[in-house]
Amino acid sequence: MGLIGRVMTLIFGGGRNVVKETAEVFRENAEAAGVRQAALKGQALEQYAAEFGAQRGWFDVAMDGLNRLPRPLLAFGTLGLFVAAMVDPVWFASRMQGIALVPDPLWWLMGAIVSFYFGARHQIKSQEFQRSVAATMAQVPQVVANAEALEAMRPKVVGRAATEKAAGLTLSSVAAAENPALRDWQAARP
């Protein structure tokens with residue numbers, strides 16, 4: 001027992017497990033990886049909450065409302081041009097002749113301004129979307145717990161009912177049969 005005890009103490013002694021430590025060199029410990037992954041996700045959610053959790057002031061709300069105006073105005077303005085072309089073609093044609101005189105560099109500048117505006121707007125909206133995703137992901141554990149609680153309330157179904165005999169019973173219940181009580185009652189009636 002002394003030699004075996006010393007070998008076991010060498011391998012497993014001192015609170016160490018040499019076999020486990022050697023195996024973890026070649027294969028990752030799944031439980032430790034799960035703990036690290038959960039900690040990483042928790043830190044990411046905390047970062048999202050800290051970054052996007054600030055309350056917005058009246059100026060931010062007003063600027064957001066102002067930023068919402070150009071797209072509808074452009075869309076309705078374009079539709080208005082079609083209506084103007086049908087209502088007063090001469091007026092519309094004279095305005096389009098004026099637009100034809102705008103030099104190309106000015107069109108390029110306008111295109112750059114509009115592109116940067118909508119690009120910045122897209123970036124703001126994508127950040128708000130990320131914030132809403134982070135808030136939704138923070139609710140996942142509660143939703144999963146609620147779903148599990150609801151699933152636990154579901155009645156356990158053992159099997160399926162056999163219906164072959166029930167069909168025969170249904171047919172026999174609607175078939176006319178001899179009823180002595182009914183026959184006596186009918187005989188007693190005048």
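The values are calculated or read from the model by the stated rules, or taken from the named source; none is laboratory data. Every value quoted in this text rests on a predicted model; they were computed, and no experiment measured them. Backbone-built Cβ (ideal geometry, glycine too); neighbour counts: all protein chains shown.
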Test result for G80, surrounded by 11 or more Cβ atoms within 10 Å (Cβ to Cβ), of a type in the set (G, A, S) and under 25 Å from Q127 (Cα atoms): no
Check on R36, modelled with pLDDT of 80 or more, part of a helix (DSSP H, G or I) and touching a Lys or Arg at 6+ places or on another chain (Cβ under 9 Å): no
Residue match in the range 48-68 (condition: among the β-branched types (V, I, T), modelled with pLDDT under 90 and either in a loop (DSSP other than H, G, I, E, B) or within 30 Å of H122 (Cβ to Cβ) (or both)): yes
Top-ranked residue in the range 32-47 [being of a type in the set (A, V, I, L, M, F, W, C) and exposed (fewer than 12 other Cβ atoms within 10 Å of the Cβ); ranked as nearest to Q123 (Cα to Cα)]: L40
Residue satisfying all of: in the range 138-179; outside any helix (DSSP H, G or I) and basic (K, R); modelled with the highest pLDDT among these: R154
Residue within the range 130-137 that is in contact (Cβ under 8 Å) with a residue 12 or more places away in the chain and closer than 25 Å to L66 by Cβ present: yes
Index of the failed condition, D64 passing every other in (1) more than 27 Å from the chain's Cα centre (by Cα); (2) of a type in the set (D, E); (3) within 25 Å of M137 (Cβ to Cβ): (1)
